[in-house]
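The numbers here are math on the coordinates, done by the rules we state, and not lab data. Not measured: the values here are computed from a predicted model. Virtual Cβ from ideal backbone geometry, glycine too; neighbours counted across all protein chains shown.
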């Protein structure tokens, strides 16, 4: 009996020893996989965070549904735009735009078309215009950075823009610029300046006020404007331009770089102490100092300022000054439809300007060229905007259908006036491609 008891005790002792050895072994293996377990735990936590983030982004994307070319002001991030290098959450990418395949726009004779952000955002249309540049004389495109709806056309990481949700998803800017650059096509970024109903309504300290209080509104569109005297407005605009340069735009083109042409007696600009044209020139001087020197700056100007002396239009655009020191290119919008009935240009009277595209463009450019030649050291070259749209609002007998023939006449006028560059403008982007020389 004693032997049986001893055997049972020994057996129990062996079992206990075996169990202890297993426990020690398991504990050792657990410590060996500690970092791996932590890694798995971190990865799982990251997956959860990403799902939560994706849910937030998808909700923001739903909020963007319904954005239209009519200017619906819906903002937010598009989940398709989330890039692998942007997963650290700081909102910045590390990609540096590759321009090795892109000719210097300073050395080019630019022949360009304007594209809206919406057009650039449609793959089929983007590819069409790339192919058009391969087969015709078109060698550059103007694409919206910010249109006159006041919204940056793509996701902007500028704090001042984000604070007011001042951007929308018209196109993926990195994708579009890369597509053009990969095909050797430079991109000019069009940035509407002071005609900004969005920022001016959100940041009222930067807006033009009404003499009776509140914000001044353009009587034609019932829209508010940024105050061209406001240095805060200058910074807001130029910061957007600087970000665009970082994203790869090859030239910055300022549009609506002027005061409103509405009822001026109702506008309150504060107490600026300087003339309007001085304010515009100071803005351009500030922009030139802030934007990298290797990036050209162009400014869109009224076509009529080529004819009108001084700042006759009272919008701050004075031909002899606007292109003298701070911009590389001026782009007079010499659209025949925009000249008044009976307008005199270069001593020629145009009873129905829209019906004479060659005459209006030629005489406008010749008159401007004569005036510019009298200014010593005038910096800017001239690259006019030409009309490729039909101005049916002028009424029967005062307009014509614009197509390939009318575009050819305007191009000829540019060359006959001694210039070599131009941009076609059609807000619908349905261009008269038959007017373009094949290459």
Output the antiparallel fraction of DSSP beta bridges having both residues in the stretch 110-435, as a percent to the nearest 5.
20
With an 8 Å cut-off on Cα pairs and a minimum separation of 6 or more residues, tell me the relative contact order of the stretch 298-404 in percent.
30
Sorted by average packing, counted as other Cβ atoms within 10 angstrom per residue and highest first, what order do 169-179, 388-398 take?
169-179, 388-398
Based on alpha-carbon positions alone, could you give the equivalent ellipsoid semi-axes of the stretch 221-305 from the gyration tensor, as √(5λ), descending, whole Å?
25, 14, 13
What's the ranking of 373-386, 406-419 by average number of surrounding C-beta atoms within 10 Å, highest first?
406-419, 373-386
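At a Förster distance of 30 Å, what's the computed FRET efficiency of residue 293 paired with residue 373, Cβ-Cβ distance as r, to 0.05? Numbers along the way, then the final one.
Working: r = 26 Å, r/R0 = 0.87.
Working from the Cβ atoms, E equals 0.70.
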Linear extension gain, residue 416 paired with residue 205, 0.36 nm per residue minus alpha-carbon span:
71.3 nm
What whole number of Å gives the distance from the Cα centroid of the stretch 111-146 to the Cα centroid of the stretch 156-172?
23
Projected area averaged over orientations for the stretch 140-252, convex hull of C-alpha atoms, nm²:
7.2
What whole-number distance in Å separates the alpha-carbon centres of the stretch 363-439 and the stretch 181-255?
25
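Working from the pairwise distances between different alpha carbons, so that the mean of 1/r is found and then inverted, what is the stretch 325-382's Kirkwood radius in Å? Walk me through the intermediate numbers first.
Details: mean 1/r = 0.0815 Å⁻¹.
Taking the inverse mean of 1/r over all distinct Cα pairs, the stretch 325-382 comes out at 12.3 Å.
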For the residue pair residue 221 and residue 122, what label-to-label distance in nm results when each label sits 7 Å from Cα along the Cα-to-beta-carbon direction?
2.2
Additional length obtainable on full extension of the chain from residue 158 to residue 107, 0.36 nm per residue less Cα span:
15.3 nm
Please give the direction-averaged projected area of the C-alpha convex hull for the stretch 110-435, in square nanometres with one decimal.
16.2
Using Cα centres only, tell me the gap between the stretch 289-312 and the stretch 316-348 in whole Å.
9
Cα-only Debye scattering, the stretch 210-364: base-10 log of I(q)/I(0) at q = 0.12, 0.13, 0.18, 0.20 Å⁻¹:
-0.60, -0.69, -1.15, -1.27
Relative contact order as a percentage, the stretch 128-214, C-alpha pairs under 8 Å and 6+ apart, gives 34
Relative pair counts by distance (%), Cα atoms of the stretch 280-425, 10 Å bins:
12, 41, 32, 13, 2
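State, as an integer percentage, the relative contact order of the stretch 110-435 based on alpha-carbon contacts under 8 Å between residues 6 or more apart.
On the way: 643 pairs, mean separation 47.0, N = 326.
The value is 14 percent.
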